[in-house]
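Computed from the coordinates by the stated procedures, all read-outs in this text should not be read as laboratory data. The structure presented is a predicted model; accordingly, all values stated were derived computationally and were not measured. Here the Cβ positions follow ideal geometry from the backbone for every residue, glycine too, while neighbour counts run over all protein chains shown.
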Amino acid sequence: MKEFDNLIDIVKKLRGENGCPWDRKQTLETLKFPLIEETYEVLEAMDFGGNLLKEELGDLILQIVFQAEISEEKKEFAINDVLNEISEKLIRRHPHVFANKQDISTEQVLKNWEEIKKHEKNHLDRKSVLDGIPKALPSIMKAEKLQKKASNCGFDWENIDDVIKKIEEELQEVKEAIKNEKNKDLKPDTKGEIGDLLFSTINLSRFLNINASDALNMTNKKFEDRFKFIEENCDIKNSDLKTMEEFWQKSKNRGL
């Protein structure tokens with residue numbers, strides 16, 4: 001599209017000899033955190049859609065074009081190579097659409113996707129089904145990814161009661177670790193036990209097909225709204241816990 005070509009030309013000009021000093025200074029390394037920031041801004045905009053999402057998607061596309069331009073300057077690949085690569089991958093991993101037309105389930109699509117991926121050149125050195133999960137993924141997302149990968153191999157709980165039982169076991173181990181911290185002869189791993197509890201709770205969320213990150217973000221927003229209600233209705237610096245608790249309950253009664 002001419003619009004996409006226009007964006008590429010703009011980036012090339014910004015990176016060119018008479019371009020912008022800041023843009024010319026950027027490297028793949030300096031663009032790592034801006035890419036993360038833009039991705040999270042897209043995630044937030046997805047809750048609203050419309051013009052806000054349109055703008056944030058543009059910022060994210062800019063990051064991709066920018067990195068491709070830097071790579072082209074290094075004579076590694078260009079944006080056309082990026083587009084061709086993803087197009088070929090989509091066709092290769094959807095044989096039920098582009099090769100042998102088949103009416104298959106979502107589960108079978110995901111299973112085929114993983115099987116096809118195993119035989120691709122960039123994945124041949126992976127020995128474990130868990131290999132390839134990005135190390136930089138946020139902890140909740142990584143836990144979900146690990147659990148889903150294992151589940152696809154049949155390593156999963158049979159029913160939700162077992163998942164809940166596991167959470168109860170992990171909570172008890174956290175309590176024991178906290179209790180044992182007072183005993184100098186023991187070295188309780190409280191941090192590790194809390195990690196196990198969180199991992200099990202995320203597993204419950206996955207088992208219920210609930211995105212754990214979304215669930216936690218909902219609770220974060222709820223806490224933020226309720227605490228701001230307290231701030232608006234009392235002087236928190238000079239109020240005791242009982243007073244703040246009363247306004248917390250009022251915020252809940254108002255649906256916050």
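The residues Thr39, Thr30, Thr190, when put in order of fewest to most other Cβ atoms within 10 Å, stand as Thr30, Thr39, Thr190.
Select from the stretch 45-98 those trypsin sites (Lys or Arg not before Pro) which occupy a DSSP coil region and have at most 10 other Cβ atoms within 10 Å, ordered by residue number. Here the sparse-neighbourhood loop sites are Lys74, Lys75.
Applying the Karplus relation 6.51 cos²θ - 1.76 cosθ + 1.60 with θ = phi - 60° to the stretch 134-149 yields 3J(HN,Hα) values of x, 5, 8, 4, x, 3, 5, 5, 5, 4, 4, 5, 4, 5, 5, 4 Hz, where x marks Gly and Pro. 3J(HN,Hα) along the stretch 20-32: 8, x, 5, 5, 5, 7, 6, 10, 4, 5, 6, 8, 4 Hz, from the Karplus curve 6.51 cos²θ - 1.76 cosθ + 1.60 with θ = phi - 60°, whole Hz, x for Gly and Pro. Taking Cα centre as origin and charging only the Cβ of basic (Lys, Arg, +1) and acidic (Asp, Glu, -1) residues, the dipole magnitude of the chain rounds to 360 debye. From its DSSP helices (H runs of at least four residues, each -39,500 (n - 2.57)), the chain gives a residue-normalised ellipticity at 222 nm of -22500 deg cm²/dmol. For the chain, the longest principal axis of the Cα atoms and the long axis of helix 2-15 meet at an angle of about 80 degrees. For the stretch 228-244, 3J(HN,Hα) computed residue by residue from phi via the Karplus equation (6.51, -1.76, 1.60; θ = phi - 60°) reads 5, 5, 4, 4, 6, 10, 7, 7, 5, 6, 10, 10, 7, 4, 4, 5, 5 Hz, glycine and proline entered as x. Look at the alpha carbon pairs under 8 Å that are at least 6 residues apart: their mean separation over the length of the stretch 86-240 gives a relative contact order of 16 percent.
Listed cross-link partners Lys117/Lys145; Lys127/Lys149; Lys145/Lys165; Lys117/Lys165; Lys117/Lys191; Lys142/Lys191 are compared with a 24 Å cut-off, the Cα-Cα value being larger for Lys117/Lys165; Lys117/Lys191. Against the chain, whose longest principal axis comes from its Cα atoms, helix 160-180 is set at around 60 degrees. Select from the stretch 155-256 those GluC sites (Glu not before Pro) which occupy a DSSP coil region and have at most 16 other Cβ atoms within 10 Å, ordered by residue number. Sites meeting the loop and neighbour criteria: Glu158, Glu181.
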